[in-house]
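Participant: Can you keep this structure in mind? I'll have questions shortly.
The values are calculated or read from the model by the stated rules, or taken from the named source; none is laboratory data. What you see is a predicted model; the values in this text were computed from it and never measured. Neighbour counts are summed over all protein chains in view; Cβ atoms, including those assigned to glycine, are modelled from backbone coordinates with ideal geometry. Ligands, DNA and RNA are excluded from the accessible area calculation, which covers all protein heavy atoms including side chains. Shrake-Rupley method; radii C 1.70, N 1.55, O 1.52, S 1.80 Å.
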Amino acid sequence: MSSVVLATAGYDHTIRFWEATSGCCYRTLQYAESQVNKLEITADKTRIAAAGNPQVRVFDVNSPDPNPLLSYDGHAGNVTAVGFHKDGKWMYTGGEDGTVRVWDTRAPVCQRTYESRAAVNSVVLHPNQGELISGDQTGHIRVWDLTASACSCELVPEIGTAVRSLTVALDGSMIVAANNNGTCYVWRMMRGASLTTHFEPLHKLKAHTNIILKCLISPDCQQLATTSADKTVKLWNLDGFTLDRTLVGHTRWVWDCVFSVDAAYLVTASSDATARLWDLSSGEAIRTYSGHHKAVVCCALNDSAIEGRDTDG
């Protein structure tokens, strides 16, 4: 089993696996049905989920078999979010059809469906594994309590402005929502006596002048990465919300990013048909992953040595 699993995908209907250090592509999977919108690797590095339109396919990371292990159908339209329970017991998705869904990972069965009433752009799993949080096209953020199987909280940081991306700190202390106006809203996440998460406003950050496509809190909870239609990636210090560094090099929109587990490196995916590996201590791109023929809109990395540790989706 590879100690580092790095994959990218996008509009050329392929999923590519890369040797992170050399930049060599060692495996290409065809995804004939559609473009791939999102990728997620399980914590144990055995499976990778690829969200398309309108299906999700799950592949074996370590097998040469080009066919998916499982195919999940049920969404109508693009699937825009995908992730796994930390032990791989279930998978969650969100889509343009306005639903958030929970699926069995042993069989392609939808266990639960939550109605967001607007196209869902982002879904993240709280580290407590008991709540899903979704952000949608009309600007609503909803917390879905998986025990009660109901919406337990609703926020609208900017009425009518789409929430493009959500990220939750691995220690459960903070959530960030990025929107189409280039603004990030930051809340402390508090647990009340009812054990339901509630949000305490902490900061409003004008991160970019253009659309933010992805926001992601680092695994050590020290930094926030934002990727944008302005072709840059910015790293923000979560202690004072000051700009630590701007990563410049992509020549088109930057759609996605993922940190290494030690938060020393960042992988980014761009419409310029490349992905890049950045050394965050220098701000330099130390590797470019070239081979896709169209926009690369998603990337996934699992370099964790700790069994059961997973990354934010």
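Participant: Answer yes if at least one residue in region 189-197 is open to solvent by 30 Å² or more (accessible area, probe 1.4 Å), at pLDDT 95 or above and not small (Gly, Ala, Ser), and no otherwise. Before the answer, list the steps.
Facilitator: Narrowing region 189-197 to residues open to solvent by 30 Å² or more (accessible area, probe 1.4 Å): 190-191, 193-196.
If we keep only those that are at pLDDT 95 or above as well, we get none.
No: region 189-197 contains no residue that is open to solvent by 30 Å² or more (accessible area, probe 1.4 Å), at pLDDT 95 or above and not small (Gly, Ala, Ser).
Participant: Sticking with this structure for a sec: Whether any residue in region 49-63 is in contact (Cβ under 8 Å) with a residue 12 or more places away in the chain, under 26 Å from Lys89 (Cα atoms), among the aromatic types (Phe, Trp, Tyr) and in contact with a Pro (Cβ under 8 Å, 6 or more places away or on another chain) is what I want to check. Give the derivation first.
Facilitator: First, pick out the residues of region 49-63 that are in contact (Cβ under 8 Å) with a residue 12 or more places away in the chain: 49-62.
Now restrict to residues that are under 26 Å from Lys89 (Cα atoms): 49-62.
Okay, now just the ones that are also among the aromatic types (Phe, Trp, Tyr), so 59.
Next, only the ones that are in contact with a Pro (Cβ under 8 Å, 6 or more places away or on another chain) stay: 59.
Within region 49-63, one or more residues are in contact (Cβ under 8 Å) with a residue 12 or more places away in the chain, under 26 Å from Lys89 (Cα atoms), among the aromatic types (Phe, Trp, Tyr) and in contact with a Pro (Cβ under 8 Å, 6 or more places away or on another chain).
Participant: Is it fair to say Leu238 is surrounded by 21 or more Cβ atoms within 10 Å (Cβ to Cβ), over 30 Å from Gln35 (Cα atoms) and in contact (Cβ under 8 Å) with a residue 24 or more places away in the chain? Before the answer, list the steps.
Facilitator: Details: surrounded by 21 or more Cβ atoms within 10 Å (Cβ to Cβ): yes; over 30 Å from Gln35 (Cα atoms): yes; in contact (Cβ under 8 Å) with a residue 24 or more places away in the chain: yes.
Yes.
Participant: Within region 241-264, count every residue that is touching a strand residue (DSSP E or B) at 6+ places or on another chain (Cβ under 7 Å), of a type outside the set (A, V, I, L, M, F, W, C) and either in contact (Cβ under 8 Å) with a residue 40 or more places away in the chain or open to solvent by less than 50 Å² (accessible area, probe 1.4 Å) (or both).
Facilitator: Residues flagged as touching a strand residue (DSSP E or B) at 6+ places or on another chain (Cβ under 7 Å), of a type outside the set (A, V, I, L, M, F, W, C) and either in contact (Cβ under 8 Å) with a residue 40 or more places away in the chain or open to solvent by less than 50 Å² (accessible area, probe 1.4 Å) (or both) within region 241-264 amount to 5.
Participant: Which members of region 165-188 meet the condition of being open to solvent by less than 10 Å² (accessible area, probe 1.4 Å) and among the hydrophobic types (A, V, I, L, M, F, W, C)?
Facilitator: Leu166, Val168, Ala169, Ile175, Val176, Ala177, Ala178, Cys184, Val186
Participant: Are there any strands (runs of 3 or more DSSP E) wholly within region 79-128 with 2 or more residues that are of a type in the set (S, T, N, Q) and open to solvent by 20 Å² or more (accessible area, probe 1.4 Å), and if so which? Before you say what the answer is, go through the steps one by one.
Facilitator: Details: elements: 79-84, 90-95, 99-104, 110-115, 120-125.
Passing ranges, in order: 110-115.
Participant: Take the residues in region 7-28 that are without any contact (Cβ under 8 Å) to a residue 60 or more places away in the chain and closer than 13 Å to Ile41 by Cβ; name whichever of them is surrounded by the most Cβ atoms within 10 Å (Cβ to Cβ).
Facilitator: If we take residues in region 7-28 being without any contact (Cβ under 8 Å) to a residue 60 or more places away in the chain and closer than 13 Å to Ile41 by Cβ, then Ile15 is surrounded by the most Cβ atoms within 10 Å (Cβ to Cβ).
Participant: Restricted to region 62-78, and to residues that are small (Gly, Ala, Ser) and outside any strand (DSSP E or B), which residue is farthest from Gln111 (Cα to Cα)? Even if it seems obvious, please write down each step before you answer.
Facilitator: Narrowing region 62-78 to residues small (Gly, Ala, Ser): 63, 71, 74, 76-77.
Pick out the ones that are also outside any strand (DSSP E or B) and you get 63, 74, 76-77.
Working: Ser63: 28, Gly74: 11, Ala76: 17, Gly77: 19 Å.
The qualifying residue farthest from Gln111 (Cα to Cα) is Ser63.
Participant: Out of the residues in region 154-164 that are open to solvent by 30 Å² or more (accessible area, probe 1.4 Å) and hydrophobic (A, V, I, L, M, F, W, C), which is farthest from the chain's Cα centre (by Cα)? Before the answer, list the steps.
Facilitator: Applying the first criterion (open to solvent by 30 Å² or more (accessible area, probe 1.4 Å)) to region 154-164 yields 154-160, 164.
Of the ones still in play, those that are also hydrophobic (A, V, I, L, M, F, W, C) are 155-156, 159.
Working: Leu155: 20, Val156: 21, Ile159: 23 Å.
In this case the residue turns out to be Ile159.
Participant: Which one of these does Ala32 not meet: (1) touching a residue at least 24 places away in the same chain (Cβ under 8 Å); (2) farther than 28 Å from Trp278 by Cβ; (3) surrounded by fewer than 18 Cβ atoms within 10 Å (Cβ to Cβ)?
Facilitator: Every listed condition holds for Ala32 apart from (1).
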